[in-house]
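Colleague: If you scroll down you'll find the structure; I have some questions about it.
The values are calculated or read from the model by the stated rules, or taken from the named source; none is laboratory data. Since this is a predicted model, take the numbers as computed values, not measurements. Cβ placement follows ideal geometry from the backbone for every residue including glycine, while neighbour counts extend to all protein chains displayed. In case anyone asks, the SASA skips ligands and DNA or RNA and just uses the protein heavy atoms, side chains included. Shrake-Rupley method; radii C 1.70, N 1.55, O 1.52, S 1.80 Å.
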Amino acid sequence: MKLVFAGTPEVAVPALDALIASRHEVVAVVTRPDAPAGRGRRLVASPVAERAEEAGIEVLKPVKPRDEEFLARLREIGPDCCPVVAYGALLPKVALDIPAHGWVNLHFSLLPAWRGAAPVQHSVMAGDEVTGASTFQIEQGLDSGPVYGVVTEDVRPTDTSGDLLTRLAFAGSGLLVATMDGIEDGTLKPVPQPADGITLAPKITVEDAQVDWAAPALRVDRVVRGCTPAPGAWTVFRGERLKLVQTAPAAERTDLAPGELAAGKNNVHVGTGSHAVELLWVQPQGKKPMKAADWARGVRIAPGERLTKADVR
């Protein structure tokens, strides 16, 4: 089939690579416009745009996918299908109607679970033991279209959302190619999603990423892993934000009150609503990530000192 691929971040690149290597022809890529990045805030092309340009593929960067110039070019190309991975903009019906086989999204959950912008983060934070990826026909509803296929992936006890998303990006790229193959030869028909089992996965906010030390250690660990690498779990120490890069449950310590710190020679523990967690890596405000033990030596934690919550407005 003649394909126009839509995607933006790094996580979409494995799928683009897989489609380029498939029997189908990727004739163009749709991605978000260049965005400011780095200290100089200079405009930088998306990872998908960079990969497409390397491969000599036409890149379309509409400000909005309802822009008439973009729609006219899409009609001119006349794609058979438009596979999508993390494009980042809502597609209007006028665009959805252009390709003969519609737009097919690779979504990183087992639909209808975790519909929305942050399925992997929510899966980790909820303590799911198994998740996966789904391909489905895009319609006007939020991730509600009929499903072509799924792959499953175990959630490991130490997985961050970044770890899990990387594995799903590669597993899902094979699923997306297989879906294109099945659509082309007519062996694959989408199946409506069940009406029950729907859960939503909205974007994780800064407030969501703040650790509540009164919660059980298991919940604290899930929040830290689910918010890593973005937006980053955090707490407050001496009135400043402290980012929590890596933690681990420490069931052997039950003597600390919620938020209470205890620094040893080579470790730092903090109390929760159940047993303690060990701080492994932290990032003080305005500084680079560092080992928690090094941070504790530098700040000289006083007996009974605590990590606290901030009012987020």
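Colleague: Want the number for residue 39 to residue 75: 0.36 nm per residue separation, take away the alpha-carbon distance, what's left?
Modeller: On the way: separation 36, 0.36 × 36 = 12.96 nm, distance 3.89 nm.
Length gained between residue 39 and residue 75: 9.1 nm.
Colleague: Excluding residues fewer than 8 places away in the same chain, name every one of the lysines whose C-alpha is closer than 21 Å to that of residue 287.
Modeller: By straight Cα distance, residue 287 reaches 243, 309.
Colleague: Given C-alpha coordinates of the range 261-313, what is the ratio Rg to Rh with the Kirkwood estimate of Rh?
Modeller: Rg/Rh for the range 261-313 comes to 0.97.
Colleague: Considering only DSSP beta bridges with both partners in the chain, what is the antiparallel share in %, to the nearest 5? Working shown, then result.
Modeller: Numbers: 38 of 55 bridges.
Here the antiparallel bridges make up roughly 70 percent for the chain.
Colleague: Place a +1 charge on the Cβ of each Lys and Arg in the chain and a -1 charge on the Cβ of each Asp and Glu, then give the dipole magnitude about the Cα centre in debye, rounded to the nearest 20.
Modeller: 1340 debye
Colleague: Count charges around residue 223 for me, please; just the other residues with Cβ under 9 Å from its Cβ, Lys/Arg as +1, Asp/Glu as -1.
Modeller: Working: positive: 219, 222, 225; negative: 208, 212, 221.
So the environment of residue 223 carries a net charge of 0.
Colleague: How far apart, in nm, are two points set 7 Å out from the Cα along the Cα-to-Cβ line at residue 53 and at residue 198?
Modeller: 4.1 nm
Colleague: Output needed for the range 167-313: three equivalent-ellipsoid semi-axes, defined as square roots of 5 times the C-alpha gyration tensor eigenvalues, in descending order, whole Å. Intermediate values should be presented prior to the final figure.
Modeller: On the way: eigenvalues 326, 55, 43 Å².
Taking √(5λ) for each Cα gyration eigenvalue gives 40, 17, 15 Å.
Colleague: For the chain, what's the relative contact order in percent, using C-alpha pairs closer than 8 Å and at least 6 residues apart?
Modeller: Relative contact order, the chain: 13 percent.
Colleague: Which of 83, 202, 119 moves the most in a Gaussian network model of the chain with Cα springs under 10 Å?
Modeller: Evaluated over the chain, the most mobile residue of the options is 202.
Colleague: In terms of modelled amide H atoms, which long-range or inter-chain residues lie less than 5 Å from the amide H of residue 128?
Modeller: For residue 128, whose amide H was placed from the backbone, there are no distant partners under 5 Å.
Colleague: Let me ask another. Show me, for the range 258-270, the HN-Hα J-couplings you get by feeding each phi into the Karplus relation (A = 6.51, B = -1.76, C = 1.60, θ = phi - 60°), rounded to Hz, glycine and proline as x.
Modeller: For the range 258-270, the Karplus curve yields x, x, 6, 9, 9, 9, x, 5, 10, 8, 9, 10, 9 Hz.
Colleague: In addition: Using the Kyte-Doolittle scale, which helices in the chain average at least -1.0 and also have C-alpha atoms spread 15 Å or more along the helix axis, with helices defined as whole DSSP H runs? Could you put the intermediate results ahead of the total?
Modeller: Details: long enough: 161-185 (35 Å, 0.59).
Result, helices passing both filters: 161-185.
Colleague: Taking 35 Å as R0, compute the FRET efficiency from the Cβ-Cβ separation of residue 230 and residue 255 and round it to 0.05.
Modeller: Efficiency, from the Cβ-Cβ distance: 0.55.
Colleague: Quick check for you: with a 1.4 Å probe and neighbouring chains kept, what is the accessible area per residue of the range 1-105, in Å²?
Modeller: For the range 1-105, the per-residue accessible area is 48 Å².
Colleague: What residues have an amide H closer than 5 Å to that of residue 26, excluding those fewer than 5 places away on the same chain, when H is modeled at 1.01 Å from N in the peptide plane?
Modeller: 3
Colleague: Amide H of residue 275: which non-local residues (sequence gap of 5 or more, or other chain) have their own amide H closer than 5 Å, using H built in the peptide plane?
Modeller: 217
Colleague: Can you tell me the dipole magnitude for the range 183-297 around its Cα centre, using point charges on the Cβ only (Lys, Arg +1; Asp, Glu -1), in Debye to the nearest 20?
Modeller: Details: 14 positive and 13 negative charges, 111 e Å.
Here the size comes out at about 540 debye.
Colleague: I need to check one value: relative contact order of the range 218-313, counting alpha carbon pairs closer than 8 Å and at least 6 residues apart, in percent.
Modeller: 27 percent
Colleague: Let me ask something else about it. How much area per residue is accessible in the range 113-242 when the probe is 1.4 Å and only protein heavy atoms are counted (Å²)? Intermediate results must be reported in sequence, preceding the final value.
Modeller: Values: 5860 Å² over 130 residues.
That works out to 45 Å² for each residue.
Colleague: In whole Å, how far is the Cα centre of the range 238-309 from that of the range 116-195?
Modeller: 36 Å
Colleague: Right, here's the next one. Just the Kirkwood number for the chain, please: inverse of mean 1/r across all distinct Cα pairs, in Å, one decimal.
Modeller: Numbers: mean 1/r = 0.0470 Å⁻¹.
Hydrodynamic radius (Kirkwood, Cα only) of the chain equals 21.3 Å.
Colleague: Now for a different question. What is the percent carbon and sulfur in the accessible area of the range 186-246, measuring with a 1.4 Å probe over the protein chains and ignoring ligands?
Modeller: 59 percent
Colleague: Taking θ = phi - 60°, what integer Hz values does the Karplus form 6.51 cos²θ - 1.76 cosθ + 1.60 yield along the range 130-139, in sequence order, with x for Gly and Pro?
Modeller: 9, 9, x, 9, 10, 10, 8, 6, 6, 10
Colleague: Right, another one. Can you pull the one-decimal nm distance between simple spin-label points at residue 130 and residue 158, each 7 Å off the Cα toward Cβ?
Modeller: Here the modelled spin labels are 2.4 nm apart.
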